[in-house]
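The values are calculated or read from the model by the stated rules, or taken from the named source; none is laboratory data. Note that the structure is predicted; figures quoted are calculated from it, not measured. Cβ: placed from backbone, ideal geometry, glycine included. Neighbour counts: every protein chain shown. Surface areas here come from the heavy atoms of the whole protein model, side chains and all, with no ligands, DNA or RNA. Shrake-Rupley method; radii C 1.70, N 1.55, O 1.52, S 1.80 Å.
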Amino acid sequence: MTSPNVLTETARQKYFGGYQCTYEHWSNELKCKMNVAVYFPPSYSSSAEKFPVLYFLSGLTCTHENFTIKSGMQRIAAQHEMVVVSPDTSPRGSDHPKEHDDWDFGSGAGFYLDATNTPWSENYRMYSYVTQELLGAISENFNVSEEKRALSGHSMGGHGSLVIFLKNSHLFKCCTALAPISNPCKGLWGVKAFSNYFGEDKAVWAEWDATELAGKFKADTPANILVCQGDTDKFLEKELLTGNFVDVAKGNSCLNVDYRVREGYDHFYPYIATFLHEHFEYIAKFIC
């Protein structure tokens with residue numbers, strides 16, 4: 001079986017002086033081939049120094065391409081001399097019953113967790129894929145610093161960013177989230193996903209809920225998180241519940257949360273593209 005650390009380049013395009021590339025590799029956790037997008041800033045090819053690296057996790061229905069095509073992030077990453085890694089959002093090609101029936105569950109909706117309920121437990125292990133295989137593959141193949149990592153994500157990817165960071169703050173200097181699914185134990189998208197991926201054990205659900213994790217997070221040094229949210233987001237009240245996370249996190253002295261409300265903005269890529277530079281600026285303070 002091919003090692004997850006063996007990456008094959010399948011696409012390369014020049015972008016603001018750097019290169020936007022796509023790689024394919026085998027995942028033992030997901031039991032399939034996965035695509036991952038990597039942006040290299042202009043200075044990457046001529047510098048021997050290890051580069052800071054941002055892992056960006058995308059939302060429901062997305063692939064590795066959505067963020068790289070729609071956000072305009074390459075211009076900002078080039079300015080900050082930052083490598084940006086964008087993985088896919090679920091395993092592909094497993095064809096479990098009902099896997100492709102709904103846009104908010106199954107393919108394109110892996111929720112960055114390790115499922116325990118069959119058949120999903122066989123390969124819906126996006127958490128282990130990101131934290132073990134992807135981090136290892138990027139570190140082994142590219143000139144990036146393991147001491148200068150950050151996480152970010154949007155919607156379901158914002159959930160992934162928060163949960164992965166709260167479980168592994170030793171691996172990342174900071175994280176940010178745009179309109180994240182923040183309290184999935186109570187939100188419509190989360191309840192649907194967790195019921196299928198985990199069954200009905202609510203104690204298991206809590207281990208994958210950013211609001212629950214924020215309440216019991218402990219660290220010697222406060223962990224740094226930026227969250228932003230459009231105030232006209234139609235998913236805010238029933239699916240995201242961003243305020244629940246912010247309230248709990250701000251009550252924990254081990255978390256340093258910067259919460260920014262975006263007046264008049266909704267959930268989608270115009271909102272992301274408008275404020276993404278602020279997330280890069282925040283992240284750059286910790287890893288650049």
How do Arg149, Arg12 rank by accessible surface area computed with a 1.4 Å probe, from largest to smallest? Arg12, Arg149
Among the lysines, which fall within straight-line cross-link reach of Lys50, defined as a Cα-Cα distance under 28 Å, with same-chain neighbours fewer than 8 residues apart omitted? Lys14, Lys33, Lys70, Lys148, Lys167, Lys173, Lys285
In debye to the nearest 20, how big a dipole does the chain give about its Cα centre with +1 on each Lys and Arg Cβ and -1 on each Asp and Glu Cβ? 460
accessible surface per residue for the chain, probe 1.4 Å, DNA/RNA/ligands not counted, whole Å² -> 40
Work out the FRET efficiency for Asp247 and His100 from their Cβ-Cβ distance, taking R0 = 30 Å, and round it to the nearest 0.05. 0.25
Listed residues Trp26, Trp103, Trp205; largest mean-square fluctuation, Gaussian network over the chain with Cα springs below 10 Å, found at Trp103
DSSP beta bridge pairing in the chain, given as percent antiparallel to the nearest 5: 50
What's the Kirkwood radius of region 1-68 in Å, using all Cα pairs? 13.5
Any idea how far apart Cys32 and Val6 come out in nm if each label point goes 7 Å out from Cα toward Cβ? 2.1
Taking only the alpha-carbon atoms of region 48-194, what semi-axes of the equivalent ellipsoid follow from 5 times the gyration tensor eigenvalues under a square root, in whole Å, largest first? 26, 16, 15
Distribution output for region 191-274: share of Cα-Cα pairs per 5 Å bin in percent, first bin at 0, values 3, 13, 20, 19, 18, 16, 10, 2
The percentage of the accessible area of region 155-248 (probe 1.4 Å, all protein chains present) made up of carbon and sulfur atoms, to the nearest whole number, is 49
Region 211-285: GluC sites (Glu not before Pro) in DSSP coil with no more than 14 other Cβ atoms inside 10 Å: Glu263
Taking all protein chains in place and a 1.4 Å probe, what share, in percent, of the accessible surface of region 1-125 do carbon and sulfur account for? 47
Over the chain, calculate the relative contact order: mean separation of alpha carbon pairs under 8 Å at least 6 apart, over the residue count, as a percent. 17
Which of the peptides 165-177, 213-225 is most tightly packed, and how do the rest follow, going by the mean number of other Cβ atoms within 10 Å of each residue? 165-177, 213-225
Kindly provide log₁₀ I(q)/I(0) values, in the same order as q = 0.27 Å⁻¹, from the Debye equation applied to equal alpha-carbon scatterers of region 155-223. -1.23
Where Cα atoms sit under 28 Å apart: lysine pairs in region 183-243 separated by 8 or more or lying on different chains: 14
Across the Cα atoms of the chain, what radius of gyration and what greatest pairwise Cα-Cα distance (Dmax) are found, in Å? 17.6, 53
Calculated from DSSP helices alone, with each H run of at least 4 adding -39500 (n - 2.57) and the total divided by the residues of the chain, [θ]222 nm to the nearest 500 comes to -8000 deg cm²/dmol
How far, in nm, would the chain grow between Lys186 and Glu122 when pulled straight, counting 0.36 nm per residue and subtracting the alpha carbon separation? 20.5 nm
Euclidean distance between Cα centres, region 31-64 to region 70-111, Å: 12
